[in-house]
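Presented below is the structure to which this report refers.
The values are calculated or read from the model by the stated rules, or taken from the named source; none is laboratory data. Worth saying up front: this structure is predicted, and the values here are computed from it rather than measured. Positions of Cβ are backbone-derived with ideal geometry, glycine not excepted, and every protein chain shown enters the neighbour counts. With ligands, DNA and RNA removed, areas are computed over all heavy atoms of the protein, side chains included. Shrake-Rupley method; radii C 1.70, N 1.55, O 1.52, S 1.80 Å.
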Amino acid sequence: MNLLLDYTIFHVLISLVALISGLLLASAFTKGLDPRSTRRTFLCFTAANLLTGFLFPFHGVTPAIVVGALNTLILIGTVIAHGKSKGNWIWAVTYKVGALALLYFNCLVLIAQSFQKVPFLHAGAPVGNEPPVIISQGLLFAVALVVGYACLRGSRRRFS
């Protein structure tokens, strides 16, 4: 195998850990919980995912670079908000919204990459703006809104 392929596999594995731990964290948020180990795993692997993503060969600004830069800013804000969230509802909500936004973008990238790299998905949407891609992204957005609402309800119960 070549070095770039090995690095890509490493990056994908980091991405999957970030994605799975993010889903576990969102599930905990809906119950008004914030388990430290899950939070740390999610934030650390999301940071590693961003770092390894920026270390791929640069061929100009692409949507991946823009999303990576945006996620870096969201990650910084999320970590700061978490540090200030103890007993402060606004900072706790800011932290949770930031974490959920990071999870949303991880899922959005998963959809985009799946349609680019998985042969049977790519065959149905070779350009990336066909109905299957748009519908998948729309469903993700709808699910993100519902999960976000459930998570914030869980936060409200904790501070009530």
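Rounded to the nearest 10 square angstrom, residue 84 shows an accessible area of 110 square angstrom against a 1.4 Å probe. In summary, the helical segments of the chain meeting the span-like criteria, namely a full DSSP H run, a Cα extent along the axis of 30 angstrom or more and a mean Kyte-Doolittle hydropathy of at least 0.5, are 3-30, 63-84, 89-117, 131-159. Each stretch of four or more DSSP H residues adds -39500 (n - 2.57); spread over every residue of the chain, this sum gives -29000 deg cm²/dmol at 222 nm. Within the straight-line cut-off of under 13 Å between alpha carbons, the aspartates and glutamates reachable from residue 86 are 34, sequence neighbours fewer than 8 places apart in one chain being disregarded. Candidate values (i) 43, 18, 12; (ii) 29, 19, 13; (iii) 25, 20, 15 were compared with semi-axes √(5λ) of the Cα gyration tensor in Å computed on the shown model; the agreeing label is (ii). Ligands, DNA and RNA are left out, and with a 1.4 angstrom probe the accessible area of segment 28-145 is 58 Å² per residue. Within the shell of other residues whose beta carbon sits under 13 angstrom from the beta carbon of residue 25, the net charge comes to +4, with Lys and Arg scored +1 and Asp and Glu -1. The alpha-carbon of residue 84 sits under 28 angstrom from the alpha-carbons of these lysines, leaving out residues fewer than 8 places away in its chain: 31, 96. When both segment 8-58 and segment 101-143 are represented by their alpha-carbon centers, they are found 19 Å apart. Among the trypsin sites (Lys or Arg not before Pro) found in segment 1-59, those both in a DSSP coil and sparsely packed, with 15 or fewer other Cβ atoms within 10 Å of their Cβ, are 31. Can you send over the carbon and sulfur percentage of the accessible area for the chain, probe radius 1.4 Å, protein chains only? For the chain, the apolar C and S fraction of the accessible surface comes to 74 percent.
The relative contact order of the chain comes to 28 percent, based on Cα pairs under 8 Å that sit 6 or more residues apart. Residue 72 contributes about 50 Å² of solvent-accessible surface, heavy atoms of the protein only, 1.4 Å probe. In straight-distance terms, cross-link reach from residue 117 covers every one of the aspartates and glutamates whose alpha-carbon lies under 19 Å from its own, apart from those fewer than eight places away in the same chain; here that gives 6, 130.
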